[in-house]
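Input: a single structure, listed below in C-alpha cells.
A short reminder: the numbers here are calculations on the coordinates, not readings from a lab. Since we're looking at a predicted model, the values are computed, not measured. Every residue, glycine among them, receives a Cβ derived from its backbone with ideal geometry; neighbour counts consider all protein chains shown.
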Amino acid sequence: MMRALLLLAADGTGATVWLPEPASNLAEGVDFNWNLVFWISTFFFALITFLLVFFVLRYRARPGREQEPSTTHNTPLEVLWSVIPTLIVIGLFWSGYRAYLDMAVPPQNTYEILVTGQKWNWEFTYPNGYVDAELHVPVDTPVELVMTSEDVIHSFYVPDFRVKRDVIPGRYTKLWFSALDVGEHDVFCTEYCGTSHWDMLAKLIVHERADYDAWLEEASDFLNRMAPAEAGELLYNVRGCKQCHSVDGSAGTGPTFLGLFGSQEALTSGESVLVEENYIRESILNPQARVTAGYDPVMPTYQGRLKDEEITAIIEYLKTLSE
Ligand code: CUA
C-alpha cells in the first residue's frame, strides 16, 4: 500500500504512474493541478469511507436500543460542509485558470511552425518553407504551432509536453510550448479520424539551438543534395504518400506503387490509362480526375503543396519501383 502510494508521487524525474516525465515549460502547471485534484480526491475518499464504516458500526441496530427521532438539521454543520467545498473549488479554479492562461497566451516573438493534419499524417512547415513529417524544434525557445486540417478534425497531442489541441478544417488553432531538454518525444492524433487514426503519429525532436539551424539548413537542401529518385523516396515517406500507397504490392487506401509506373491501369470510368509521367502528375495535383478502378476518390490534392521539382522526384522514385 505504502509502495503504491509512493509510486503515485513524483520519483525525482517528475514522472509518475499517471504522467510521463515533464518535458516542456507548461508541464509544471498541468502536473501541479493534476496532483492537487488527485490528492484532494484521495483525502476525501479516505475520509468519507472511514466515516461511513465507522458510523455503520457505531450506530448499528442492537437489541434494546431504541431509534432516536431524526435530527431535521444542524446549521453549523451544514454551513461548514457548504463553505469548505466552495472554498476548495474556488481554489482549484484559481490554480487551474492560472495554468490555463500560461498555455493560452504565448510570449512575444515565438518561433512559428505551421502544422497540417490530414488522414493520416502530420506535416510540419518551417519558416523557410521546408516541409517535414517530423517536428523539429530548438530547445528552450518558445515555439508556436499554427495548425489546420485538410479534411476532418484531428487533435495534436504531445503527452510529454502536456499540450493538446484540436486541429480543425477551415480554421486555425494554435498552441505554444518551450522544450526543457534536448530529446525525442511522441506526437499523437487524439481525435478519432477514421481507419488509420491509430497510426497518425509523428516524432518531436528537440535540438540544441545551434544544431537546430544546421539541421534545418541541411534538411531544406535535400533536392540539391540527393538524386531525384532518392529525394522522391524521402518525399514519399514524409509527405503522406506512404499512408495510403504501399511499395511492396500490398493493398492500401490507394493503389500500391510497386510496378505501377509503365502499367495499364483500369479506371472507375471504365477506360484504362498508361501510367506515365503526366498521369502521375495529374493524379497528384487533381487526384479525382482519373481514379483507378476499385478505389474511392479520397486522395487530397497536392496543388500548391508540392513543388514541380518535388513532383518530378516522386515520379523518378516510382520508376525505380517498376524496374
Ligand atoms: Cu487524425 Cu486521429
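Counted over the range 194-323 with a bin width of 10 Å, the fraction of Cα pairs per bin, in whole percents, is 11, 39, 33, 13, 4, 0. The lysines whose alpha-carbon is closer than 20 Å to the alpha-carbon of LYS203, local same-chain residues fewer than 8 away aside, are LYS119, LYS164, LYS174, LYS242.
Taking N as the number of residues in the range 134-246, what value does Rg over Cα atoms divided by 2.2 N^0.38 Å take?
Values: Rg = 15.4 Å, N = 113, 2.2 N^0.38 = 13.3 Å.
Compactness ratio reported: 1.16.
For ARG225, ARG281, ARG62, ARG239, the sequence from fewest to most other C-beta atoms within 10 Å is ARG62, ARG225, ARG281, ARG239.
Between rounded, prolate and oblate, where does the range 275-314 land on the alpha carbon gyration tensor, with a ≥ b ≥ c its root eigenvalues, rounded for a/c under 1.5, else prolate if a/b exceeds b/c? Note, shape of the range 275-314 comes out oblate. In the chain, the longest principal axis of the Cα atoms and the axis of helix 75-104 are about 20 degrees apart.
Note on the range 186-237 and the range 30-58: Cα centroid distance 46 Å, given to the nearest whole angstrom.
In percent, what relative contact order does the range 88-192 have, based on Cα pairs under 8 Å that are 6 or more apart in sequence?
On the way: 193 pairs, mean separation 26.1, N = 105.
25 percent.
Pick out which of GLU78, GLU218, GLU68 has the largest mean-square fluctuation in a Gaussian network model of the chain, springs linking Cα atoms closer than 10 Å. Of the options given, GLU68 has the highest mean-square fluctuation. Over the chain, Cα pairs under 8 Å with separation of 6+ residues give a relative contact order of 14 percent. Would the range 94-156 count as rounded, prolate or oblate if I go by the C-alpha gyration tensor, calling it rounded below 1.5 in a/c and otherwise prolate when a/b exceeds b/c, oblate otherwise? Note, shape of the range 94-156 comes out oblate. Highest mobility in the GNM of the chain, judged by mean-square fluctuation with C-alpha springs under 10 Å and restricted to TRP39, TRP81, TRP198, is found for TRP81.
Given an 8 Å cut-off on Cα distances and at least 6 residues of separation, report the relative contact order of the range 1-151 as a percent.
Working: 99 pairs, mean separation 24.9, N = 151.
Rounded, it is 17 percent for the range 1-151.
Here, the chain has an Rg and a Dmax of 28.3, 98 Å when only alpha carbons are counted.
Helix 209-220 sits at what angle to the longest principal axis of the chain, using alpha carbons and giving 0 to 90 degrees rounded to 10? Helix 209-220 sits roughly 40 degrees off the main axis of the chain. What's the local net charge at VAL291, with K and R +1, D and E -1, over the other residues with C-beta under 15 Å away? My count for the surroundings of VAL291 gives -3.
Within a 10 angstrom radius of the beta carbon, how do SER24, SER246, SER272, SER82 rank from fewest other beta carbons to most? Mind showing how you got there, number by number?
Working: SER24 24, SER246 17, SER272 14, SER82 10.
Final ranking by Cβ density, sparse to dense: SER82, SER272, SER246, SER24.
Shown here: the range 49-127, whose C-alpha atoms stretch 84, 32, 18 Å along the first, second and third principal axes, sorted largest to smallest.
What does the helix-only formula give at 222 nm for the chain: each DSSP H stretch with n ≥ 4 adding -39500 (n - 2.57), the total divided by the residues, and the result rounded to the nearest 500 deg cm²/dmol? If you can, show how the numbers build up before the last one.
Details: 8 runs with 118 residues, N = 323.
So the calculated ellipticity at 222 nm is -12000 deg cm²/dmol.
For the chain, a Gaussian network of Cα nodes joined below 10 Å ranks HIS245, HIS73, HIS136 by mean-square fluctuation, and the top entry is HIS73.
Relative to the dominant Cα principal axis of the chain, helix 27-58 is inclined by about 40°.
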